[in-house]
């Protein structure tokens, strides 16, 4: 699996959100690096726990901005957040049951989800919030 690092393509040009996205990308990058070093299963639990915790903070901040500025697709965006939360919690439950070969699945899932969510959904609200003066 290729490494996963921050790219300026991921910028939504809202400082708080870009910083949070950067942190999430770094988490997934740490997991992939550990996998390449043969230590993926050693860090998987910590990474999943941190992803669960940090996404709660990030989603709350993002949803607050969207609500405060009456983003028209707020409900759909929030639904995507809820879906990811459920999926990550399910992956964590599977980790706790010590399922084999879960590390690669988790890394690929998180990498794909973040990439598609940031470059797709988040880029859509970005223009809306920037037009409202949010930086």
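The values are calculated or read from the model by the stated rules, or taken from the named source; none is laboratory data. Small disclaimer: the values here were computed from a predicted structure and weren't measured. Cβ sites come from the backbone with ideal geometry, for glycine too, and all protein chains shown count toward neighbours.
Residue-by-condition table, conditions (1) farther than 16 Å from residue 125 by Cα; (2) modelled with pLDDT of 95 or more:
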| site | (1), (2) |
| --- | --- |
| 2 | yes, no |
| 14 | no, yes |
| 17 | no, yes |
| 25 | yes, yes |
| 56 | yes, yes |
| 72 | no, yes |
| 78 | no, yes |
| 86 | yes, yes |
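Cβ separations smaller than 7 Å between residues 6+ apart or across chains give the following pairs from segment 110-135 residues that are on the phi < 0 side of the Ramachandran plot and without any contact (Cβ under 8 Å) to a residue 40 or more places away in the chain to residues that are surrounded by 16 or more Cβ atoms within 10 Å (Cβ to Cβ) and part of a helix (DSSP H, G or I): 113/84; 117/80. Screening residue 70 against (1) within 30 Å of residue 131 (Cα to Cα); (2) under 16 Å from the mean Cα position of the chain (by Cα) leaves a single unmet condition, (2).
Residue-by-condition table, conditions (1) closer than 13 Å to residue 118 by Cβ; (2) crowded, with 19+ Cβ neighbours inside 10 Å; (3) under 13 Å from the mean Cα position of the chain (by Cα):
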| site | (1), (2), (3) |
| --- | --- |
| 4 | yes, yes, yes |
| 38 | no, no, no |
| 44 | no, yes, no |
| 53 | no, no, yes |
| 63 | no, no, no |
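Of all residues in segment 9-22, those that are at positive phi and touching a residue at least 40 places away in the same chain (Cβ under 8 Å) have Cβ atoms under 7 Å from Cβ atoms of residues that are in a helix (DSSP H, G or I) and loosely packed, with under 14 Cβ neighbours inside 10 Å, 6 or more apart or on another chain, in 13/130. Looking across 62, 82, one residue alone is in contact (Cβ under 8 Å) with a residue 12 or more places away in the chain, assigned to a helix (DSSP H, G or I) and either within 23 Å of residue 124 (Cα to Cα) or out of contact with any strand residue (DSSP E or B) (no Cβ under 9 Å at 6 or more places or on another chain) (or both). It is 62.
Within the bounds of segment 87-105, is there any residue that is surrounded by 12 or more Cβ atoms within 10 Å (Cβ to Cβ) and over 22 Å from residue 1 (Cα atoms)? Checking segment 87-105: at least one residue is surrounded by 12 or more Cβ atoms within 10 Å (Cβ to Cβ) and over 22 Å from residue 1 (Cα atoms). Just one of the numbered conditions (1) within 21 Å of residue 1 (Cα to Cα); (2) over 13 Å from the mean Cα position of the chain (by Cα); (3) in a helix (DSSP H, G or I) is not true of residue 124: (1).
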